[in-house]
Amino acid sequence: MPQRVVEHIGRVLLGKDREIRLAVACLLARGHLLIEDLPGMGKTTLAEALARSFGLGFKRVHFTSDLLPADLTGIGVLQPASGSFRFQPGPLFSQVLLADEINRASPRTQSALLEAMASGRVSVDGVSHELPRPFCVIATQNGQDQSGTAPLPESQLDRFLMRISLGFPARAAELALLAGQGLGSEALEPLLNPADLEELQRRSAAQRAEPALIAYVLDLVQLSRQAGFNGAPLSPRAAQALLAAARAWSLLEGREYVIPADVQAVLAAVCDHRLDGGEPGSSSSRQLQAGVDGLR
Amino acid sequence: MRRVRRLHWLGLGLLGLQLPGLDTALPLSWGAIALVVLGALKLREARRAAELRRMSLLLLVATGVMAALLPGLGPSLLQVLTTLVALAALLAQELGDGLLPRQLLGRSFRLLAAALPLVLVLFLLLPRLGPVFSVPLNQAARTGLSDRIEPGSIASLVAIDAPAVRIGFEAGQPPAEPERYWRVLVLNRFDGRRWERDAPDPPFRGTRPPLAASRDELWLAEPSRLPLLPWSGRGQPLQSELSVGSAGELINDRPPGERRGYALGATDRTSDWQTAPLSAGAVAAATAFPTGANPRLEGLGAGWASGQSPERRLETARQWFLSQAFRYTLQPGSLSSQAPLDAFLFDTQEGFCEHYAAAFTALMRAAGVPARVVAGYQGGRWVPQLGGGGYLDVRQSDAHAWSEVWLAGVGWQRVDPTGWVAPARINPGLPGSTERRAAETGPLVWLQQQWRGLDLRWTGWVLGFNRQAQAALLERLLGARRDWLGLLLLAAVAFCLAVTLPLLRWGQNRGGVDPLRRELERGLVRLRRLGFEPTAGEDLGGFCARVAADRPELRTPLRRFANLYLAQRFGPPGSAAEQRAARRLLGRLLPRGLAARPDQPETG
């Protein structure tokens, strides 16, 4: 069933199976996704297709430097009839939120978003509002155009389970795109419903991870903390993220247990933005993977 | 690395525990001490892996030296422990920090166990070396005995509560307490002040008396400087390096200074030295008396000499001693160097066994009776052992001196003047016995006594296997073909290796590496022979896919191998039978002859 989702989205985003798979894995692992790429690479398409395939509500916010936290969370609107305020939910109250160019917003707005991502609820005027479930933020940032941006600090990057970049499509895929063989994302029929997604998320968390596998994850994480390793040390949250992502990946592979290859498949997406402080195109995870014996 | 160093320190500590037992008169002892001290200095600065490896080897060498010097049960156990620690350190270094301490210890144990057959063969068959390290004799004694007695020169005697001898009796029971006299030295030369040994017997020539056939007593004597060993004065030794001198001393041909275990047999017979008639020279030597050195003593003795039989003179002397106000004390104070025996007998009248024995023997000589001083041990405590039997525990504080008087028709007769003056000193069953013996209770003392008994038995078994026992064993094994010893030794060593190496392999298989992992290693070795090496960090699936890209004929078995292994390793565990079947299949998928038939397609 989860594999079919990948194929399903593949009909819209051509030739990007691996990235789609990572994005789905991120969703199954209840994580948030950061996509770093140039405009026009299909970020929005991916986010929308993901939401549609699972039948989730989808909203998109383009971040600008004057965006305020209230623009995201919503505000209390005065009701002249009763004289009271009624909460008008902002775009945050959706199941999939595409936060375009998150690094263009002020740090204050970024914080509001990231707090909501971490806690799953929003407080406005002293009242706590639960966000819908499942809740997934897909943020994009344009790594190459740095003027007028506030790059996310490392501590906030840590809240994104994965960072991926779509990259240019292969020639054949682009040919198919130009030939009009791809579907518009708005034409995508829902394949599953949100309840299915929650069930898959539960199954993903229950994927079997033997002590030998957990030892492999630990070895990777601990190598990053050793003196002489070229990169920031990975946090325990990063270790949890790595294992959760590997579990989701193994589910997508149609296995009921995690193997080191699953960990390696998600390692770069989960760890690179944590290891290198969010530098675009970093690849310290390769060094990490080479430093730990994968034959277990 | 820290763990390796900690193990090294532990090993050095264990070696250090054995240092106090070394006899510093042996040159090799200094070598052992130097090894330990230098080892500690080296370990302080050792950081590199090669240095630490050498440190482990140094520990093993030092343990070997210790084993040559200290063969007792306690040191032997310590040496085994040191070997274990040294091996564990070596293993910890070679195998990295992956092993738990328990696994490290288990592996060292297995190594040691694997060496056991070899040890046994070498112990039984390797020819025993003669005495290699000679020791200067007759240095000042450290024990309770010295080879001269000079009453008055020692103002007070400190009772050393160190073990001197342990005696096990095959018959089970020791002699009655008043009979427990263990002779060591006979002092026959008297110069007015001090008693000394005669010049030692000339080296023995001709045939020795036959050795006793069966063991009645097993003796274990602590190291001493004297070439003499304690014994009861009855019976015959079982070892050819022991002989009985003409004065009734048990002479040890081997260099002294080490702990000696020896056996005596036929102890129910009176020995020759006791009853053999005295030559005229011997009588003259046994009555030699320097006139004028102790005039009052001389006068008293001479008074008894006229017209009495030697037995009467002895009795007169006993009556005289009992009539005087003598007092037994270990702190008699010193006596004047002029006529010290006169001063003791007639002025102070306080002293311990040496005073009484020396003065009484001098009196007997003044009275014309052949007499001499015997030094040795008296008494000893019977320690019952768990599991039956027991041993007699004789301490340095049991050191004693008494007299022997020659009586025609009887031979040398033991006379103990100390017993007349202080009966409690001789027979602790009497009231007023010394407090030391009363204090010796409590669980710790009991444990110590049991340990000493075990040690005695160990000595009986292991140290008793001497050259004679070995010769007897070889005789049984080889008959007259003694030339074949080398061949036998070689065969035995080869046999040991044949037994040991599989044992070590077996140990490896069980030591931490699980059988599934072993199948993986086997498969990797076979792929390595084909020229494929996993790259850094590569996982099994990726590696197999890479190999398969190069060797398409192996694609199916490789894929099955990887999938099967990963499912076994990371998937839900099946039953034991399923796991075994899977392991067998893993072994078959990438067979041993993989490289030999590269072109033959594998269908798996």
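Of the residues B:V493, B:V383, the one with the fewest other Cβ atoms within 10 Å heads the list, and the complete ranking is B:V493, B:V383. Projecting the Cα atoms of B:P515, B:A562, B:V547 onto the charge dipole of the stretch B:515-596 (Cβ charges, centred on the Cα centre) puts B:P515 farthest toward the positive pole. Evaluating kT/(6 pi eta Rh) at 20 °C and 1.002 mPa s, with the Kirkwood radius of the stretch B:214-308 over Cα pairs in the Stokes-Einstein relation, gives 133 µm² s⁻¹.
Cα gyration tensor of the stretch A:140-202, axes a ≥ b ≥ c as square roots of the eigenvalues: rounded (a/c below 1.5), prolate (a/b > b/c) or oblate?
Values: a/c = 2.69, a/b = 1.15, b/c = 2.33.
Cα axes put the stretch A:140-202 in the oblate bin.
A simple rule links phi to the HN-Hα coupling: the Karplus curve 6.51 cos²θ - 1.76 cosθ + 1.60 with θ = phi - 60°, which for the stretch B:560-573 gives 5, 4, 4, 5, 5, 4, 5, 5, 5, 6, 10, x, x, x Hz, with x for Gly and Pro.
Straight-line reach from B:K42: taking Cα to Cα under 16 Å and skipping same-chain neighbours fewer than 8 places apart, the aspartates and glutamates in range are B:E51.
A:S106 to B:R592: FRET efficiency via 1/(1 + (r/R0)^6), r the Cβ-Cβ distance, R0 60 Å, to the nearest 0.05? Step by step, r from the Cβ atoms, then E = 0.35. Remark on the stretch B:148-457: Rg and Dmax equal 19.6, 60 Å (Cα only). Amide H to amide H, with H built 1.01 Å from N, B:E538 comes under 5 Å of A:G294, counting only residues 5 or more places away or on other chains.
Peptides B:240-249, B:295-304: what's the order by average Cβ count within 10 Å, highest mean first? Working shown, then result.
Working: B:240-249: 18.4, B:295-304: 16.9.
Packing proxy ranking, top to bottom: B:240-249, B:295-304.
In this entry, the stretch B:515-596 is assigned a mean projected area of 5.1 nm², taken as a quarter of its C-alpha convex hull surface. Rg over Rh for the stretch B:2-98 works out to 0.98, both radii taken from alpha-carbon positions and Rh defined as the Kirkwood radius. With neighbours defined as other Cβ atoms within 10 Å of a residue's Cβ, the residues A:H129, A:H32 order from fewest to most as A:H129, A:H32. Close amide H partners of A:M162, meaning residues 5 or more places away or on another chain with modelled amide H under 5 Å apart, are A:H32, A:L34.
Within the same chain, lysines fewer than 8 places from A:K16 are excluded, and of the rest, those with a Cα less than 17 Å from its Cα are A:K43.
Computed from the C-beta positions of B:L278 and B:S240 and an R0 of 22 Å, the FRET efficiency is 0.20 to the nearest 0.05. Among the trypsin sites (Lys or Arg not before Pro) in the stretch B:46-84, those placed in a DSSP loop whose Cβ has at most 14 other Cβ atoms within 10 Å are B:R47, B:R48. Taking amide H as placed 1.01 Å from N in the peptide plane, the amide H of B:H400 sits under 5 Å from that of B:G376, B:Y377, B:Q378, each at least 5 places away or on another chain.
Regarding the stretch B:303-376, what is the average projected area of its C-alpha convex hull, in nm²? Kindly include the intermediate steps, with their values, before the conclusion.
Working: hull surface 21.5 nm².
Mean projected area of the Cα convex hull: 5.4 nm².
Based on Cα atoms of the stretch A:206-296, Rg over Rh with Rh as the Kirkwood radius reads 0.95.
Could you tell me the ratio Rg/Rh of chain A? Both radii from Cα atoms, Rh via Kirkwood.
Numbers: Rg = 19.5 Å, Rh = 19.9 Å.
My calculation puts Rg/Rh at 0.98.
Hydrodynamic analysis of the stretch B:291-434 uses the Kirkwood radius over alpha carbon pairs. Inserted into Stokes-Einstein at 20 °C and 1.002 mPa s, it gives a translational diffusion coefficient of 131 µm²/s.
Using +1 at the C-beta of Lys and Arg and -1 at the C-beta of Asp and Glu, which of A:A176, B:T291, A:A49 has the Cα lying farthest in the positive direction of the dipole of the protein assembly as shown? Checking the options against the dipole of the protein assembly as shown, the answer is A:A176.
Report, as an integer, the average count of C-beta atoms from other chains found within 10 Å of each Cβ along A:248-260.
Averaged over the peptide's residues, the number is 3.
Largest mean-square fluctuation among A:R52, A:R237, A:R208, in a Gaussian network model of chain A whose springs join Cα atoms under 10 Å apart, belongs to A:R237.
Report, to two decimal places, the Cα Rg of the protein assembly as shown normalised by 2.2 N^0.38 Å (N = number of residues).
Numbers: Rg = 46.8 Å, N = 900, 2.2 N^0.38 = 29.2 Å.
So the protein assembly as shown has a normalised radius of gyration of 1.60.
Using Cβ counts within 10 Å as a stand-in for footprinting exposure, how do A:E174, B:E404 rank, fewest first?
The most exposed by this proxy come first: A:E174, B:E404.
For the stretch A:1-105, the percent of C-alpha pairs falling in each 5 Å distance bin, counted from 0 to the bin holding the largest distance, reads 2, 11, 19, 20, 16, 11, 8, 6, 3, 2, 1, 0.
Readers should treat all values here as calculations from the given coordinates under stated rules, not as data from a laboratory. Quick caveat, the model's predicted, so the values are computed rather than measured. Every residue, glycine among them, receives a Cβ derived from its backbone with ideal geometry; neighbour counts consider all protein chains shown.
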